[in-house]
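S.K.: Got a structure for you, questions after.
Any read-out appearing in this document is the output of simple, stated calculations on the displayed coordinates, not a laboratory observation. None of the values given here were measured: they were computed from a predicted structure. FYI the Cβ positions are ideal-geometry reconstructions off the backbone, even for glycines, and counts take in every protein chain you see.
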Amino acid sequence: MNLTAQLAGLFPRLDQVPAEYRVDTRAYERLYLLNGEIRTWEGPTTEVSSPICLQGGGGLGRAVLGRVPSMDAGAAMAALEAACGAWDGGRGGWPTSSVATRIAAVEGFVARMIRVRETVVNLLMWEIGKSLEESRKEFDRTVEYIRRTIEALKESDRANSRFSLDGGVIAQVRRAPLGVCLSMGPFNYPLNETYTTLIPALIMGNPVVVKPPRFGLLLHQPLLEAFAASFPPGVVNFIYGDGATIISPIMKSGRVDVLAFIGSSRVADVLKLQHPRPHRMRCILGLDAKNPGLILPDADLDLAARECVTGALSYNGQRCTALKILFVHETVAGPFLDRMVAAIQALPVGMPWDAAVKITPLPEPDKAAVLTRYVEDAVARGARVVNPGGGTACETLYYPALLAGVAPTAQLYHREQFGPVVPVCTYRREEEFLEFVAASNYGQQVSLFGRDPARMALLIDPLANQVCRINLNCQCQRGPDTLPFTGRKDSAEATLSISDALRCFSIRSLVAAQASAESRALIQEIVTGRHSSFLHTDFIL
Ligand code: G3H
């Protein structure tokens, strides 16, 4: 049987899907969250289909999962209005509440969130085709991130529960919220990368309007109840629909103070330009990347191939941190490629719930065709597909393609493929790699594979000025979440980590007075009388 037929045979009939992984979205498919209330959208809706195809009478077809609201500008503006109401020029109950109150609300949310783990994990598999193992990991990592965010805020608040006395001025410095936040996550981490900005924004006192990504819509629905029960009205609002219809009016209103967006730099630019006074809007952006890997002649080739396959093909290469191009020294290109081919052949292909599966269906409808065009373009410029069956597609399944000899003129040399295609180039002088990195529009991370300390050091020094993480003998990645995650050029704006995110969504604000007897007495009374949520010396344990 040829590979196309084998791939087709991996899609199941509905009755072959294990019962525990089936989803029923009827209970919540038209819901949205506005001003603390879960409402049913009576207007037009959009069908949500799965990357998973099912065998049926008419052949293979994408499974239909349900419907989500296709909201209009008026409904989107109502959500913005609700968030602006909760902010109320900084006077709202949420932005003026104590840190302890906000922490308690987020703790309540986590407790409710974990009750729907199984449903959200199943929806991750069905909506974006992520494997069961990775879907569980995404959920659990998000819960862990939120818990550690709470701890990080307690720690920073403790440090701020003191006064300074300098130059005759007594002062207390704390972090205050920024205002209304618009939060938009990406489809590849629709839960994790939405909530790792949403929760820090909320816990720092900012009301939020959330627009879920293109894929990974329904998985937020089982969580609406947890949001409604945990936060005051208007503090969290969820809207669904076409970006141009619902996001443009929100941005053009000029009432967004913080934009948390993970997606393409092209869309980020459009959003920023729509704001009438962009300097008023703080941007926290996670954007494009083309992280390269460099395999030096003395590299441990077994380890390098293992890490490069994981780095390039985890979740089918649909990670912003994925290794998207490899440079291998000409003297070791042959043995390195042999190891890559063997490692790719060992990757199980199938449905997200299949045991140990690594290659799964792709959510973007035209993705296989886009990848095929990239491969054809590279081949026309001298590259060759080196793994058997590489680039074979059937519906939403795309068998990984390993390309050798990718020329600088090929699109794959510069463009972010965001899929299971691994371009490899050979190099002679390390300078060629440094030139690639310097000329690139992206500046997130690199991976270096080698053993010679002096040679590695010579690369580390210039690369540290071009990217924001240099991985030694391992793949590129975001974690652990305590490390700063950011990028240069078109790759990011602002830095995320558990503690950095708290800083991103807040600004230092302080109360200061001449250290006179009257001022001291005034401050003393505010503090001991517990008159203020901002000016106090409470210590959260
Ligand atoms: O898509 C970008 C993610 O932030 C990558 O995170 O390296 O943990 O997969 P990861």
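S.K.: Between region 271-300 and region 135-206, what's the alpha-carbon centroid distance in Å?
M.R.: Rounded to whole Å, the Cα centres lie 21 Å apart.
S.K.: Can I ask one more? Over all alpha-carbon pairs of region 291-487, lay out the pair-distance distribution in 5 Å bins, whole %, shortest bin first.
M.R.: Histogram of Cα-Cα distances, whole percents per bin: 1, 8, 17, 21, 21, 16, 10, 4, 1, 0.
S.K.: Here is a follow-up. Nothing charged except the Cβ atoms of Lys and Arg (+1) and of Asp and Glu (-1): what's the magnitude of the dipole of region 72-138 about its Cα centre? Round to the nearest 20 debye. It would help to have the intermediate numbers written out before the result.
M.R.: Values: 8 positive and 9 negative charges, 60 e Å.
Using Cβ point charges on Lys, Arg, Asp and Glu, region 72-138 gives about 280 debye.
S.K.: For region 173-279, give the magnitude of the charge dipole about the Cα centre (Cβ charges: +1 Lys/Arg, -1 Asp/Glu; no others), in debye to the nearest 20. Walk me through the intermediate numbers first.
M.R.: Numbers: 9 positive and 5 negative charges, 70 e Å.
In total the dipole reaches around 340 debye.
S.K.: I need the fraction of alpha carbon pairs in region 417-473 separated by more than 16 Å, rounded to a whole percent. Please list the in-between numbers first.
M.R.: Working: 761 of 1596 pairs.
Within region 417-473, distances greater than 16 Å cover 48 percent of Cα pairs.
S.K.: Going by how many other Cβ atoms sit within 10 Å of their own, how do Cys53, Cys476 line up, fewest first?
M.R.: On the way: Cys53 22, Cys476 25.
Arranged by neighbour count, lowest to highest, Cys53, Cys476 become Cys53, Cys476.
S.K.: Additional query: Report the equivalent ellipsoid semi-axes for region 398-510 in whole Å, largest first, defined as the square roots of five times the eigenvalues of the gyration tensor built from alpha carbon atoms.
M.R.: For region 398-510, the ellipsoid semi-axes come out as 29, 18, 14 Å.
S.K.: Please work out the Kirkwood hydrodynamic radius for region 9-87, using every pair of different C-alpha atoms, and report it in angstroms with one decimal place. Mind showing how you got there, number by number?
M.R.: Values: mean 1/r = 0.0663 Å⁻¹.
Kirkwood radius, region 9-87: 15.1 Å.
S.K.: Can you tell me what the convex hull of the Cα atoms of region 67-201 projects to on average, as an area in nm²? If you can, show how the numbers build up before the last one.
M.R.: Numbers: hull surface 42.9 nm².
Averaged projected area of region 67-201's Cα convex hull equals 10.7 nm².
S.K.: Sticking with this structure for a sec: If the cut-off is a Cα-Cα distance under 15 Å, which aspartates and glutamates reach Lys290, setting aside same-chain residues fewer than 8 apart in sequence?
M.R.: Cα-Cα hits under 15 Å: Glu416, Glu435, Asp490.
S.K.: Taking the alpha carbon gyration tensor of region 362-404, what are the square roots of 5 times its eigenvalues, largest first, to the nearest whole Å? If you can, show how the numbers build up before the last one.
M.R.: Working: eigenvalues 70, 28, 7 Å².
Value: 19, 12, 6 Å, ordered largest first.
S.K.: Another question about this same structure. Which angle between 0 and 90 degrees, to the nearest 10, do you get for helix 132-160 versus the longest principal axis of the chain when only C-alpha atoms count?
M.R.: Tilt relative to the chain: about 30 degrees.
S.K.: Here's something else I'd like to know. Looking at the chain, identify the longest residue range that excludes and avoids all GluC sites (Glu not before Pro) in DSSP loops having at most 12 other Cβ atoms within 10 Å. The partial results should precede the final answer.
M.R.: Numbers: sites that count: Glu42, Glu330.
So the longest stretch without any such site is 43-329.
S.K.: Okay, moving on. List His531, His275 from most exposed to least, where exposure is judged by having the fewest other Cβ atoms within 10 Å. It would help to have the intermediate numbers written out before the result.
M.R.: Numbers: His531 10, His275 21.
Taking fewest neighbouring Cβ atoms as first place, the list is His531, His275.
S.K.: Let me ask something else. What are the residues whose amide H is under 5 Å from the amide H of Val48, where those residues sit 5 or more places off or on another chain and H is modelled from the backbone?
M.R.: Under 5 Å from the amide H of Val48: Leu65, Gly66, Arg67, Val68.
S.K.: Still on this structure, I have one more. Taking every pair of alpha-carbon atoms in the chain, what share in percent sits in each 10 Å bin, from 0 to the bin with the longest distance?
M.R.: 4, 17, 25, 24, 17, 8, 3, 1, 0
S.K.: Another question, then. Structure shown: which of Lys272/Lys489; Lys130/Lys211; Lys252/Lys324; Lys137/Lys252; Lys130/Lys367; Lys130/Lys252 lie over 26 Å apart, alpha-carbon to alpha-carbon? It would help to have the intermediate numbers written out before the result.
M.R.: Details: Lys272/Lys489 16 Å; Lys130/Lys211 21 Å; Lys252/Lys324 35 Å; Lys137/Lys252 37 Å; Lys130/Lys367 15 Å; Lys130/Lys252 35 Å.
Checking Cα-Cα distances, Lys252/Lys324; Lys137/Lys252; Lys130/Lys252 exceed 26 Å.
S.K.: After finding the eigenvalues of the alpha carbon gyration tensor for region 23-286, what semi-axes result from the square roots of 5 times each, listed largest first in whole Å? Show your work: numbers first, answer last.
M.R.: Working: eigenvalues 224, 91, 54 Å².
Rounded to whole Å, the semi-axes are 33, 21, 16.
S.K.: In Å, the Kirkwood hydrodynamic radius of region 228-355 over pairs of distinct alpha carbons?
M.R.: On the way: mean 1/r = 0.0537 Å⁻¹.
Result for region 228-355 stands at 18.6 Å.
S.K.: If you keep only loop residues by DSSP, which trypsin sites (Lys or Arg not before Pro) in region 459-541 have at most 14 other Cβ atoms within 10 Å of their Cβ?
M.R.: In loop regions of region 459-541 (DSSP not H, G, I, E or B), the sparsely surrounded trypsin sites (Lys or Arg not before Pro) are Arg530.
S.K.: Then there's this: Nearest 500 deg cm²/dmol is fine: what mean residue ellipticity at 222 nm does the chain get from its DSSP H runs of n ≥ 4 alone, each adding -39,500 (n - 2.57), divided by its residue count? Please report the intermediate quantities before stating the final value.
M.R.: Working: 17 runs with 202 residues, N = 541.
Only helices count here, giving -11500 deg cm²/dmol.
S.K.: Under Stokes-Einstein, with the Kirkwood radius over Cα pairs standing in for Rh, what whole-number D in µm²/s applies to region 136-288 at 10 °C and 1.306 mPa s? All intermediate terms of the calculation are to be shown ahead of the outcome.
M.R.: Details: Rh = 16.8 Å.
So the translational diffusion coefficient is about 94 µm²/s.
S.K.: When only alpha-carbon atoms count, how far does region 281-341 stretch along each of its three principal axes, as whole angstroms with the largest first?
M.R.: 50, 21, 14
S.K.: Using the number of other C-beta atoms within 10 angstrom as an exposure proxy, rank Lys358, Lys252 with the fewest first. Let's see the in-between values first.
M.R.: Values: Lys358 22, Lys252 13.
With the sparsest Cβ surroundings first, the list reads Lys252, Lys358.
S.K.: Which percent of Cα-Cα pairs in region 446-541 sits in each 5 Å bin, short to long?
M.R.: For region 446-541, the binned pair fractions read 2, 10, 13, 14, 11, 9, 7, 7, 7, 7, 6, 4, 2, 0 percent.
S.K.: While we're here: Assigning unit charges at the beta carbon (Lys, Arg +1; Asp, Glu -1) and nothing else, what dipole magnitude in debye, to the nearest 20, does the chain show about its Cα centre? The partial results should precede the final answer.
M.R.: Details: 55 positive and 54 negative charges, 153 e Å.
With Lys and Arg at +1 and Asp and Glu at -1, about 740 debye.
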